[in-house]
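Everything on this sheet refers to the single structure shown next.
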Amino acid sequence: MTFEIKDLAGLSQPLTRLIEVISAGIGNISGPYLLKSNARAKAEEIKLLTDALEKSNLRQLGFQIESQSPQLTIGTKTEKLELTKLQDIDRIRSRIEHQLRSEQENIESITSESALELAKISDVPEETPELEWISRFFSIAEEVSSEDMQVIWGKILAGEIKQPGAFSLCTLEVLRNLSRTEANLFNNVSNFTFRNGSLREGIIPTVFNSEMQSCGISFGEFTKLVDCGLIYPNEMTKVFFDGAELGETGIFESSGHSIVFKSTETSVAFELENWRLTNAGTELLSLTENNPKISFLQMLKSDIKSFGLDCSIVKNLVRTTDSFTAEIVE
């Protein structure tokens with residue numbers, strides 16, 4: 001059965017948008033019949049080409065045609081061109097069907113993960129993902145066979161539907177080359193990672209490397225993430241406050257607990273050694289656990305306070321246009 005937009009009455013807006021995006025990426029949404037007919041069409045194209053050569057009027061044009069299994073030889077008295085003759089069209093059809101079936105199953109697994117994500121919300125923006133993004137996504141998605149990675153790609157598609165532009169084409173390419181092991185490593189590192197206030201850039205404070213090492217995250221693990229294109233290649237010192245006005249507030253935000261700090265004096269310089277996430281790393285951070293442990297937050301809080309800043313650990317942080325609300329933990 002093929003779904004058409006007119007058949008979508010009764011579905012929620014997010015799921016309707018998902019079906020529209022899938023249709024834009026791979027055509028009408030169909031069952032296995034589409035897969036089989038596609039495979040058959042490709043095999044038949046090959047067979048038709050072979051038959052056409054065998055039935056052509058090449059002899060009348062001065063060519064010699066010799067049919068000797070497993071080759072079809074076409075040539076002149078002085079020159080011969082050899083074309084491999086297909087012995088078993090069924091074998092080729094079987095291979096193509098297997099490949100297309102695998103690609104179809106990968107796409108269906110990913111889109112079902114997207115549906116689970118989108119079923120949690122009631123509406124999506126009027127804006128839709130760009131066609132180029134949709135095309136790139138599905139050309140990659142059909143290759144993703146790992147169940148763990150299919151979950152991530154499902155969240156990518158749902159995230160782009162919820163917020164078009166959330167994941168760039170460059171981020172899709174970075175994720176395409178990411179192994180399951182590397183994805184798990186990045187997820188572990190996310191528990192030491194924050195978004196820096198309004199800039200939303202991802203930072204990893206490194207003043208407490210011992211805490212990271214206790215969780216199996218060493219310098220070598222960071223270099224792996226550099227090679228993956230998720231973090232910049234050098235540790236750096238970032239000035240978060242320089243000549244700040246009295247009462248200016250900063251936030252290190254995570255999906256779990258966050259850090260809020262505020263200057264109590266003017267001209268407070270607050271520096272912090274850190275690794276920086278690339279744009280792709282920052283975009284993918286939204287898909288991770290990103291829930292720093294309290295012990296790590298307490299050490300970071302103590303270090304920030306040493307610069308003469310008020311500092312609190314908070315949870316349930318909610319941002320508005322020019323302010324925020326949060327519940328203070330300590």
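Cross-link list Lys155/Lys301; Lys262/Lys293; Lys162/Lys238: which exceed 25 angstrom alpha carbon to alpha carbon? Beyond 25 Å: Lys155/Lys301; Lys162/Lys238. Each Lys or Arg adds one and each Asp or Glu subtracts one; over the other residues with Cβ under 11 Å from the Cβ of Asn187, this totals -2. With the convex hull of the Cα atoms taken as the outline of region 275-319, the averaged projected area works out to 4.4 nm². Computed from point charges on the beta carbon alone (+1 for Lys and Arg, -1 for Asp and Glu), the dipole magnitude for region 180-328 about its Cα centre is near 360 Debye. I need the Debye-formula profile for region 180-328: one equal scatterer per C-alpha, no solvent, reported as log10 I(q)/I(0) at q = 0.11, 0.12, 0.16, 0.18 1/Å, two decimals. Log10 I(q)/I(0), no solvent term: -0.40, -0.47, -0.85, -1.07.
Since every read-out is calculated from the coordinates, none of them should be taken as a lab result. Model, not experiment: these values are computed from the prediction. Reconstructed Cβ throughout: ideal geometry from the backbone, glycine too, with neighbour counts over all protein chains shown.
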